[in-house]
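Here's the structure we're looking at; comments come further down.
The values are calculated or read from the model by the stated rules, or taken from the named source; none is laboratory data. Remember, predicted model here, so these are calculated numbers, not experimental data. Positions of Cβ are backbone-derived with ideal geometry, glycine not excepted, and every protein chain shown enters the neighbour counts. With ligands, DNA and RNA removed, areas are computed over all heavy atoms of the protein, side chains included. Shrake-Rupley method; radii C 1.70, N 1.55, O 1.52, S 1.80 Å.
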Amino acid sequence: MGSELWNEVDQYFGRKLLLDDELERVLGANREAGLPEIDVSPLQGKFLTLMAQMKVAKRVLEIGTLGGYSTICLAKGIGVDGRVTTLEVDQAHALIAEGNIRRAGFHEQVEVLVGSALDTLPKLKEAGHVFDLVFIDADKENNPRYLEWALALTTSGSVIIADNVVRNGEVVDAASTDGRVMGIREYVDLAQRDPRIDSTAIQTVGSKGYDGLVISVVK
């Protein structure tokens, strides 16, 4: 059992449960632009849409936009009166994302903020923003700081989701010197000891390999 079967299963469920040509066009546009193919998978994207719907989220924060694929998935779950604020450090990526978001029809619901997230997050706090759902999918080295800011920008009942936390099982290597793994392990340690949140982890396999999510609810 391995990646070939995982991909086959992903394709099966995708054929059965996903009917969204617009999102396929987004992935195609990202490939044409030469973006790294590190978006969430289509099934994971639908998971984000459903999470936003189940939470009845109206204010969503995304840390890490890339080409806007997951951004659009989140926007699909918030309704016409919702808003997604997404943070992207790379200006070129942000421009591609803005084009994808506009073509998908969500430009009035999505705001792309360009710059270091650790510079932008304090400004969101100062402006009084509070979010129902936070999706963290950026540089893993800074995951602990992103969690701290997510907690500062949410309230009781808000949901915080961190992506790519398993990294093909490397997360269990306490001796790892990989900054991404170290950042994820510190994130999990914070989630463990912070009394403000209750958390779990879900391992995933599929077209994106072996990875997973940490999902937290603010108490």
Looking only at the range 1-22, count how many residues are free of Cβ contacts under 8 Å to residues at least 60 places away in the same chain and open to solvent by less than 60 Å² (accessible area, probe 1.4 Å).
4
If I filter the range 205-219 down to residues being open to solvent by 30 Å² or more (accessible area, probe 1.4 Å) and assigned to a strand (DSSP E or B), which single residue comes out as farthest from PRO36 (Cα to Cα)?
VAL217
Answer yes or no as to whether ALA94 is over 23 Å from ILE215 (Cα atoms) and surrounded by 19 or more Cβ atoms within 10 Å (Cβ to Cβ).
yes
Which residue out of ALA127, ALA162 is within 15 Å of the chain's Cα centre (by Cα) and at pLDDT 95 or above?
ALA162
Counting only residues that are among the acidic types (Asp, Glu) and assigned to a helix (DSSP H, G or I), which one in the range 161-197 is surrounded by the fewest Cβ atoms within 10 Å (Cβ to Cβ)?
ASP189
Just one of the numbered conditions (1) on the phi > 0 side of the Ramachandran plot; (2) of a type outside the set (Asp, Glu); (3) touching a strand residue (DSSP E or B) at 6+ places or on another chain (Cβ under 9 Å) is not true of ALA138; which one?
(1)
Within the range 23-61, how many residues turn out to be surrounded by 14 or more Cβ atoms within 10 Å (Cβ to Cβ), out of contact with any strand residue (DSSP E or B) (no Cβ under 9 Å at 6 or more places or on another chain) and within 20 Å of VAL214 (Cβ to Cβ)?
5
Taking the range 144-158 and keeping residues hydrophobic (A, V, I, L, M, F, W, C) and open to solvent by 10 Å² or more (accessible area, probe 1.4 Å) leaves TRP149, LEU151, ALA152
The listed residue being more than 18 Å from the chain's Cα centre (by Cα) and on the phi < 0 side of the Ramachandran plot, out of VAL171, VAL205:
VAL171
